[in-house]
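Student: Sharing a structure with you now.
The values are calculated or read from the model by the stated rules, or taken from the named source; none is laboratory data. If you're wondering where the values come from, they're calculated on a predicted model, not measured in any experiment. A quick note on method: Cβ atoms are made from the backbone with ideal geometry, for glycine too, and the neighbour counts reach across all protein chains shown. In case anyone asks, the SASA skips ligands and DNA or RNA and just uses the protein heavy atoms, side chains included. Shrake-Rupley method; radii C 1.70, N 1.55, O 1.52, S 1.80 Å.
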Amino acid sequence: MIAGARQPREDGPPPVPPSHQGCAIRSVRVQLPARRREPAGELRAELRDRHEDGHHLHHLLWRLAPSLRVCSSAVLGGGIGPRAWILNAQVPGGYPRLDPDRHLAEIAAAEGLTGPGAGLMTAADVAAYTTGHDGGVTATVTTGLGVRGWAAAPESATHAPHRPGTVNIVVMLPTALSDAALVNAVATATEAKVQALLDAGLDCSGTPTDAVCVAAPEPGPDGGEPFAGPRSAWGARIARAVHTAVLAGARTAR
């Protein structure tokens, strides 16, 4: 997530005017991740690459079933609600744009994505993503730690520009969660991230722009699982999956 972005639309990506010159996406093509395989039956991310303004960049794409909803802090499509896709896009270091939500919408349009989606952004190498799996939960993480620090920092530190270094976490669950449990799942994933960073020997809680997405089926008449804290059945699986993925990413991103 990038500070200063406009509020996301709930009905899909914002329109991109033909005159917009900020992002020339010349090609988008599939690049298959040969060395990583999700367990059978679990939704896997597509690793894609693109050429944009002279840069060769990657992004991860999840195409979601209509029955899924997402709770996220994403710069595009954040909040709680149904989402048709999730996009985690790599941008160059020293990112100059002030409209990351529109930039993500441009990438989504180049992919032919329609409907509401959630978009995240990072300057980390997206092709170096890591995953963790536990009891049907999959966590996919991109780890950029160049601007890491502690959440409770002195006031003077909060005025520094927020660059897209970013630890981005996307969690997929096979079971429905209530609204409260979805929010709790984001908190649990964040706790597991901090634990993993400390276990990797890093003196930080993350970066100023970290983002989390949790996707789970829409709840039925029963309202879904009511809890996702770290000692609940599904929260514990989320925590272990996220910890595994962040720890692996942090050890290679140092």
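Student: Being modelled with pLDDT under 90 and over 18 Å from the mean Cα position of the chain (by Cα) is true for just one of P66, P14, P8. Which residue is that? Outline the logic, then answer.
Tutor: On the way: P66 fails: modelled with pLDDT under 90; P8 fails: over 18 Å from the mean Cα position of the chain (by Cα).
Matching residue, one of P66, P14, P8: P14.
Student: Another question, if that's okay. So, in the stretch 87-106, how many residues would count as being on the phi < 0 side of the Ramachandran plot, open to solvent by 10 Å² or more (accessible area, probe 1.4 Å) and not basic (K, R)? I'd like the intermediate steps shown before the answer.
Tutor: Kept after step one, since they are on the phi < 0 side of the Ramachandran plot, are these residues of the stretch 87-106: 87-93, 95-106.
Keeping just the survivors that are open to solvent by 10 Å² or more (accessible area, probe 1.4 Å) gives 90, 92-93, 95-99, 102, 106.
Those still in the list that are not basic (K, R) too: 90, 92-93, 95-96, 98-99, 106.
Residues that pass the stated criteria total 8.
Student: Of the residues L64, L76, only one is of a type in the set (A, V, I, L, M) and over 10 Å from G119 (Cβ atoms); which? I'd like the intermediate steps shown before the answer.
Tutor: Details: L76 fails: over 10 Å from G119 (Cβ atoms).
Answer to the selection: L64.
Student: Continuing with this model, one more query. Given the criterion open to solvent by 10 Å² or more (accessible area, probe 1.4 Å) and modelled with pLDDT of 95 or more, identify the matching residue among D199, D222.
Tutor: D199
Student: Only one of T209, T188, T138 is of a type in the set (S, T, Y), at negative phi and either open to solvent by 10 Å² or more (accessible area, probe 1.4 Å) or part of a strand (DSSP E or B) (or both). Can you tell me which?
Tutor: Details: T209 fails: either open to solvent by 10 Å² or more (accessible area, probe 1.4 Å) or part of a strand (DSSP E or B) (or both); T188 fails: either open to solvent by 10 Å² or more (accessible area, probe 1.4 Å) or part of a strand (DSSP E or B) (or both).
Going through T209, T188, T138 in turn, just one is of a type in the set (S, T, Y), at negative phi and either open to solvent by 10 Å² or more (accessible area, probe 1.4 Å) or part of a strand (DSSP E or B) (or both): T138.
Student: Applying the selection to the stretch 85-123, what residues are of a type in the set (A, V, I, L, M, F, W, C), touching a Leu at 6+ places or on another chain (Cβ under 9 Å) and in contact (Cβ under 8 Å) with a residue 60 or more places away in the chain?
Tutor: Here is the first cut: in the stretch 85-123, the ones of a type in the set (A, V, I, L, M, F, W, C) are 85-87, 89, 91, 98, 104-105, 107-110, 113, 118, 120-121, 123.
Now drop any that are not touching a Leu at 6+ places or on another chain (Cβ under 9 Å), which leaves 85-87, 89, 91, 104-105, 107-108, 113, 118, 120-121.
If the condition is that a residue be of a type in the set (A, V, I, L, M, F, W, C), touching a Leu at 6+ places or on another chain (Cβ under 9 Å) and in contact (Cβ under 8 Å) with a residue 60 or more places away in the chain, then I86, V91, L104, A105, I107, A108, L113, A118, L120, M121 are the ones that fit.
Student: Then there's this: I'm told S156 meets every condition in (1) open to solvent by less than 20 Å² (accessible area, probe 1.4 Å); (2) small (G, A, S); (3) farther than 22 Å from H58 by Cβ except one. Can you identify the failing condition by its number?
Tutor: Here S156 clears every test but (1).
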